[in-house]
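What follows is calculated from the coordinates using simple rules that are stated; it is not laboratory data. No experiment lies behind these values; they were computed from the predicted model shown. Cβ: placed from backbone, ideal geometry, glycine included. Neighbour counts: every protein chain shown.
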Amino acid sequence: MNTIPSQMLSELTRTEPSARIDLWEADLTATGGKRYFFCNEQNELGKAVIWQKRRYRPYPVRMEECGMSGRGPAARPSVVVSNLYGIVTGLAEAHQSLVGAAVIRRTVCARFLDAENFRRGNPDADPQQEVVSRYVIEQLAELTSLTARFILAVPTETEGLLCPGRIMLSDLCPWEYRSADCGYTGPAIADSNGHPVKDAAQDHCGNCAAGCRLRHNTRRFGGFLSLNTYSAE
């Protein structure tokens, strides 16, 4: 969760807060490109908004937020930008559809913008009053002569990572019997069907929770008993 600076939080909760502005950065250096800074707004002088001494040039962009759900795969936000004069088309062709590029959104209140944005300066300017959200472009979902829409990976996701790094099964254990992962080193107990045996040659685990219970080794069970056997969409 992003932390909101105290002064910005106070501003947002006022009866009449100053305008909230989203400043965008598209970092294409991972694909061999450059960094681009833009936003929907202009400053009081009709020029590019300046934040932390950096210029964010006017360019149409909007965020399509996603809803939250506790069921099914996580929905992902998307960002829609203008493709005026085919600018995005050219960038997409040159940089693998921009997949892997970083997208950074800085949300600020107009009250805290750099003094250079105002005719009479700004005594309340404070470069620390921002909320930063970071994303990675996962897919170029739509490209027309007017707009381009990119699917973003949310900040809590990591590309290519599985949690907990292997397939999660409810009543099946992936460990090899008597291996270091299994951890059982006791006497022969039962065959793979759970029938009692005393011969070590016949001692086999059925790779299920019942086998661990027979051997009092449930703490090393490699499955996930808390999972439902079946899942619903």
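Below, the figures for the structure above:
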quantity	calculated
Stretch gain in nm, segment GLN128-GLU65, where the contour uses 0.36 nm per residue and the Cα spacing is subtracted	20.2 nm
Sites ALA30 and GLU93, calculated FRET efficiency, Cβ-Cβ separation with R0 22 Å, nearest 0.05	0.85
Residue order, fewest to most beta carbons within 10 Å, for HIS204, HIS216	HIS216, HIS204
Approximate spin-label separation ARG213-ASP199, in nm, with each point projected 7 Å along Cα-to-Cβ	2.8
Sequence-distant aspartates and glutamates (8 or more away, or on other chains) whose Cα lies within less than 13 Å of LYS53	ASP114, GLU116, ASP126
Sorted by Cβ neighbour density within 10 Å, fewest at the top, the residues THR185, THR31	THR185, THR31
Added length on full extension, which subtracts the Cα-Cα distance from 0.36 nm per residue, LEU12 to ILE104	31.0 nm
